[in-house]
Amino acid sequence: MAFPRMLRIRQKFHAPKVEDIPAEVERQLASLNLKSKVRAGQTIAITAGSRGIANIAVITKAICDHVKSLEAIPVIIPAMGSHGGGTAEGQREIIEGYGITEEFTGAEIRSSMETVIVDETPQGIPVHFDRHAFNCDHVIVSGRVKPHTGFVGPIESGLHKMMLIGLGKHAGAKIYHRAILDYSFPEIIRAVADCVLQKCGILAGVAIVENAYDETGMIAAVAPEDFYERECEILKIATEWMPRLPFKQIGLLIIDEIGKNISGSGMDTNIIGRKYNDHAATDKDEFKVKRIFVRGLTEATHGNACGLGMAEFTNRRTAESVDQNITKINSLTGGHPSAAAIPAHYDTDREVIENALPTTGLAEPEHTKVVQIPDTLRLGEVLVSEVFVSEVESRDDLEIISGPNEMAFDSAGNLEPVLRERSH
């Protein structure tokens with residue numbers, strides 16, 4: 001079969017960037033005058049989630065340093081629902097893999113799956129909260145704000161979700177995801193967050209926004225009473241700054257890696273256009289991708305292949321690298337069992353592409369609209385098939401780096417990745 005020839009192109013995004021991250025964290029937190037609320041010797045819990053947020057270890061250390069400047073004691077709490085296999089050891093391993101260690105931050109890590117039930121929402125839902133965090137005098141909620149991969153609302157993924165799913169641990173994540181099947185996401189997130197803000201000693205939030213090149217674009221300290229209004233504002237900024245695929249109509253999208261450090265759904269549904277339906281674009285999706293081929297899992301996902309089930313194709317090495325236990329735990333907790341499914345798979349990437357291209361429509365395989373990306377976070381440099389060349393040349397936001405060249409397979413019949421370095 002003749003395969004499309006590929007161009008290497010660069011996308012040009014508007015991308016504000018924080019140059020001095022520790023200084024910006026300090027400036028933001030200092031603006032809240034936390035000294036007026038914190039006494040010397042008090043403990044302050046600081047959340048650390050499972051996403052691969054750019055510079056997250058540096059940001060977390062800077063928060064710890066500010067806490068120490070208040071003569072208080074920072075305590076790091078892994079806050080990630082059911083990730084890490086739903087175990088304390090697994091969650092600690094995840095954040096340490098991001099460089100959030102006791103040695104680097106100078107703060108103790110207290111990892112546990114135990115929760116306390118602090119209240120009940122008007123809908124009758126018990127509100128779970130991490131026991132270690134609850135036993136601290138104060139809590140700083142730190143997390144990235146961005147569009148959620150499965151829900152739509154004025155608040156999606158950010159500080160509120162960290163208070164629900166992250167600090168709710170496995171027990172809270174299970175009950176909240178079940179509740180979302182009966183009530184709207186905004187209704188549940190507001191009800192639970194209101195309970196947490198009233199009962200759990202929330203001192204401040206640190207909202208992180210990344211630019212389209214997976215860099216820290218904004219850090220904002222937020223007072224508890226401003227969480228809702230400020231997160232609504234920040235989500236709009238985060239949405240504007242997200243990366244995107246270079247074209248809206250794609251026959252075959254090849255993704256080198258997916259993983260929990262990339263997105264809660266392994267690959268960001270806001271990017272691939274499957275936010276409302278696992279296997280087809282809807283009228284609500286901006287991008288229309290007919291078929292997806294996932295080539296691998298990130299190292300940082302530790303075998304958690306949640307989201308792989310959204311792809312139509314994968315290879316045998318990816319299917320065999322899946323940790324079925326942690327994948328099923330995470331997918332079922334999130335109320336998304338199909339995310340754990342294993343797609344049609346073949347021994348080599350070449351075989352996958354031979355079988356995938358004829359399923360994309362009437363175009364001959366060599367004229368199919370193909371795009372290959374590293375993952376859904378890093379879209380600055382991608383490979384696109386030759387059929388797009390005229391459109392690339394007509395646009396100011398796209399630049400040809402090289403090509404067109406034949407698809408690059410190694411001696412084993414597997415594609416070369418778009419980028420040599422693996423995702424963090």
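Every read-out reported here was derived from the displayed coordinates using simple, explicitly stated rules and does not represent laboratory data. The structure presented is a predicted model; accordingly, all values stated were derived computationally and were not measured. Heads up, the Cβs are rebuilt from the backbone with ideal geometry, glycines too, and the neighbour counts pull from every protein chain shown.
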- Task: Output the relative contact order of the chain, whole-number percent, from Cα pairs under 8 angstrom with separation of 6+ residues.
- Result: 21 percent
- Dipole magnitude (debye, nearest 20) for the stretch 32-241, charges at Cβ of Lys, Arg, Asp, Glu: 200 debye
- Which one of I109, I262, H14 is farthest out on the positive end of the charge dipole of the chain, using unit charges on Cβ (Lys, Arg +1; Asp, Glu -1) and the Cα centre as origin? I109
- Note on the structure: Taking a ≥ b ≥ c as the square roots of the eigenvalues of the Cα gyration tensor, with a/c under 1.5 meaning rounded and otherwise prolate when a/b exceeds b/c and oblate if not, the stretch 32-241 is rounded
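Considering only DSSP beta bridges with both partners in the chain, what is the antiparallel share in %, to the nearest 5?
Of those bridges, close to 45 percent are antiparallel.
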- Item | Ranked V18, V38, V127, criterion: other C-beta atoms within 10 Å, fewest first | V38, V18, V127
- Task: Round to the nearest 10 and give me the degree value, 0 to 90, for the angle of helix 227-241's Cα axis relative to the longest principal axis of the chain.
- Result: 20 degrees
- Message: Need the list of aspartates and glutamates near K17 for cross-linking: C-alpha distance under 13 angstrom, and skip anything on the same chain fewer than eight residues off.
- Response: E210, D214, E215
- Task: May I ask you to evaluate 6.51 cos²θ - 1.76 cosθ + 1.60, the Karplus curve with θ = phi - 60°, for each residue of the stretch 194-199 and list the ³J(HN,Hα) values in order in whole Hz, giving x for glycine and proline?
- Result: 4, 5, 5, 5, 7, 10
- Message: Using only the alpha-carbon atoms, how far is helix 56-69 inclined from the longest principal axis of the chain? Give it as 0 to 90 degrees, nearest 10.
- Response: 10 degrees
- Query: So what are the ³J(HN,Hα) numbers for the stretch 392-409, from phi and the Karplus equation (6.51, -1.76, 1.60; θ = phi - 60°), rounded to whole Hz, Gly and Pro as x?
  - Reply: 4, 5, 8, 10, 6, 8, 10, 9, 7, 8, 7, x, x, 10, 5, 3, 8, 10
- Could you pull out the GluC sites (Glu not before Pro) across the stretch 240-348 that fall in loop regions by DSSP (anything but H, G, I, E, B) with no more than 15 other Cβ atoms inside 10 Å? E286
- Find which of P374, V289, V145 sits farthest along the positive direction of the dipole of the chain, computed with +1 on the beta-carbon of Lys and Arg, -1 on that of Asp and Glu, about the Cα centre. V145
- lysines within cross-link reach of K284: Cα-Cα under 26 Å, excluding same-chain residues under 8 positions apart? K12, K146, K161, K236, K248, K260, K275, K369
- With the dipole of the stretch 32-241 defined by +1 on each Lys or Arg Cβ and -1 on each Asp or Glu Cβ, the option from V192, I180, V206 whose Cα lies farthest towards the positive pole is V192
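About the Cα centre, and with charges only on the beta carbon of Lys, Arg (+1) and Asp, Glu (-1), how big is the dipole of the chain? Nearest 20 debye, please.
660 debye
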- Query: What value, in deg cm²/dmol to 500, does the helix sum -39500 (n - 2.57) over DSSP H runs of n ≥ 4 give at 222 nm once divided by the residues of the chain?
  - Reply: -8000 deg cm²/dmol
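Based on the alpha-carbon gyration tensor of the stretch 260-356 and its eigenvalue square roots a ≥ b ≥ c, which shape applies: rounded if a/c is under 1.5, prolate if not and a/b is larger than b/c, or oblate?
oblate
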- Query: Magnitude of the Cβ-charge dipole of the stretch 336-400, K/R +1 and D/E -1, about the Cα centre, nearest 20 debye?
  - Reply: 300 debye
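With contacts defined as alpha carbon pairs under 8 Å and 6 or more residues apart, what's the relative contact order of the stretch 46-161 in percent?
Result for the stretch 46-161 is 25 percent.
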